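To start, the structure under review is shown below, and the notes come after it.
The values are calculated or read from the model by the stated rules, or taken from the named source; none is laboratory data. Fair warning: this is a prediction, and the values are worked out from it, not measured in the lab. All Cβ positions, glycine included, derive from the backbone under ideal geometry; neighbour counts span all protein chains shown.
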Amino acid sequence: MAHTIDLRIPPAPNGKDVLVPESADAWRRWLANHPDRTEGIWLVYRKKASDLEGPLQPALLDEALCFGWIDSKVVPVDEQRTMQWFSPRRKGSIWSARNREYVARLEAEGRLAPAGMAAIETAKADGSWTITDTVDALEIPDELVEAFASVPEAQVAFEALSESHKKRHLWWIHSAKRPETRARRVAETIETLIDPERG
């Protein structure tokens, strides 16, 4: 007996708007027609192995990046479809190396909208464009260097960590927006390093 999929628009987990674009072009038109929207929206799209028609996630992400939007939380709908939250990128949000590569391709293809270009320029101006490079290079921020000088055992513990665990600590510190938040995270990192059970 064939299994029937209920293709009605599913309710959003937080009661926000839901959109089921019939194509990536339809999603692009929606973005172009909502230039001042500040709230995100849930997109429902087919899974790669699905036999349904409609766009796949990579094509939808491309269009989102073109307009300064970004993807985030994913919620399963059924065996054929997925729901994902897309929203305008917030000032200061971190650009992953993956998304920087994507927008470079989109720019070369002439697809970036003015809003997408503006998001890139803002990120380059405030430093959020390159912060992942600093983390990937395992660059220790000055505040953590000073803390290590005061608590050498914390530095020994840090150097014994795997690369991925080092990056987790560095990312947490580098992603702090305010100096007081950064200082607090450095202090908490030191405490975690000398007493791992606190982390």
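Overview of values
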item: So Trp85, is it modelled with pLDDT of 90 or more and either under 15 Å from Leu61 (Cα atoms) or under 17 Å from the mean Cα position of the chain (by Cα) (or both); result: yes
item: Enumeration of residues in the stretch 113-133 that are over 17 Å from the mean Cα position of the chain (by Cα) and closer than 19 Å to Asp36 by Cβ; result: Ala113, Pro114, Ala115, Met117, Ala118, Glu121
item: Options Ser175, Ser164; residue that is of a type in the set (Gly, Ala, Ser), out of contact with any helix residue (DSSP H, G or I) (no Cβ under 6 Å at 6 or more places or on another chain) and either surrounded by fewer than 14 Cβ atoms within 10 Å (Cβ to Cβ) or free of Cβ contacts under 8 Å to residues at least 40 places away in the same chain (or both); result: Ser164
item: Hits in the stretch 163-199 (condition: assigned to a loop (DSSP other than H, G, I, E, B) and either more than 24 Å from the chain's Cα centre (by Cα) or under 16 Å from Ala137 (Cβ atoms) (or both)); result: Ser175, Asp195
